[in-house]
Amino acid sequence: MIIPDYDHLIRTIANSADQGQVIQDIRIYTNWVLVKTSRWSLSTIFHGMPGLEDKPGMDSWMGDWLGKPALDSALELLSCKETLRRAVGMACLKSLLPVQTSIMSGNAVMMIEAAAARAPTCFIGYFKEAAEWRGMGRPVNIVELFPRPGDIHWNDAEEVLAEAQIVLMSGLTVVNETLAEVIRRTPKAKIRVMMGPTVPPSPVLFDCGLDLLGVTLVSDWTLMARYAELGGGSIAYSPPGALEKVNLVQDSRKFSARLKELTGQSR
């Protein structure tokens, strides 16, 4: 499997984007970016990501992007190595992509709960469910660039990733250009899931070795904006009705069969 480089991947994802929109609004918060074109979309601000730059000083003005062609702007911003501009670019691109009908409903992480009780599972990025399952003694590891107690640093995770049968990752693996490395490090994975507020709703990602995309949509931007401006960090605690989670899957039958296999139900 050949994973395209970052620039090629972004441009391939952008092939299905709406080309007739302009950037109508941008909202920037401590942890989030909200961008409006034809609809509102959000992305995480990725402070301290290796390979990206957190520019010091006050060079954070995004107002000049208002009214500009949204697709061209998204591509330009996503080509930048600066944290804020890349976050705005991803939120902008997400707002331009068509959202397919959800094939599987519910929270993506909960779909694999039963399987994760038995099969070696790695979360790349911190998810509260992962910490809870790990605390219950399940075969779950959390791999992080900024590890908390009990987590494994990305640089030290070759062994656990190599044995993982279930791999869940955040959309940061696209933004920080580590997706190809994640695929390379998880050769035994039977299910790979990308989920969270930064995941673009693009079937292109299925060609990169992913089986399920857990996508977060903005349902009520005013609720999300108020949560963000008060310092809200995790979408797990966002106000009810602010966001909607939908799940895109390439082959629902194959995905369900793999889940059953990993939970032992196929025996």
Residues that are open to solvent by less than 30 Å² (accessible area, probe 1.4 Å) and touching a Pro at 6+ places or on another chain (Cβ under 8 Å): which strands (runs of 3 or more DSSP E) entirely in the range 130-199 hold 1 or more of them? 166-170
Which pairs turn up if I take residues in the range 227-242 that are without any contact (Cβ under 8 Å) to a residue 24 or more places away in the chain and closer than 15 Å to Val33 by Cβ and look for partners that are of a type in the set (Ser, Thr, Tyr) and in a loop (DSSP other than H, G, I, E, B) with beta carbon separation below 6 Å, at least 6 apart in sequence or on another chain? Tyr227/Ser238
Out of (1) in the same structural domain as Phe206 (by the TED database); (2) modelled with pLDDT under 95; (3) hydroxyl-bearing (Ser, Thr, Tyr), the odd one out for Thr83 is which? (1)
If you go through the range 78-114, how many residues are in a helix (DSSP H, G or I), open to solvent by less than 50 Å² (accessible area, probe 1.4 Å) and either more than 24 Å from Pro203 (Cα to Cα) or not small (Gly, Ala, Ser) (or both)? 13
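The values are calculated or read from the model by the stated rules, or taken from the named source; none is laboratory data. Quantities reported herein were computed from a predicted structural model and do not represent experimental measurements. Because the Cβ atoms are built from the backbone with ideal geometry, glycine has one as well, and the counts that use them run over all protein chains shown. Calculation scope for accessible area: heavy atoms of the full protein, side chains included, ligands and nucleic acids excluded. Shrake-Rupley method; radii C 1.70, N 1.55, O 1.52, S 1.80 Å.
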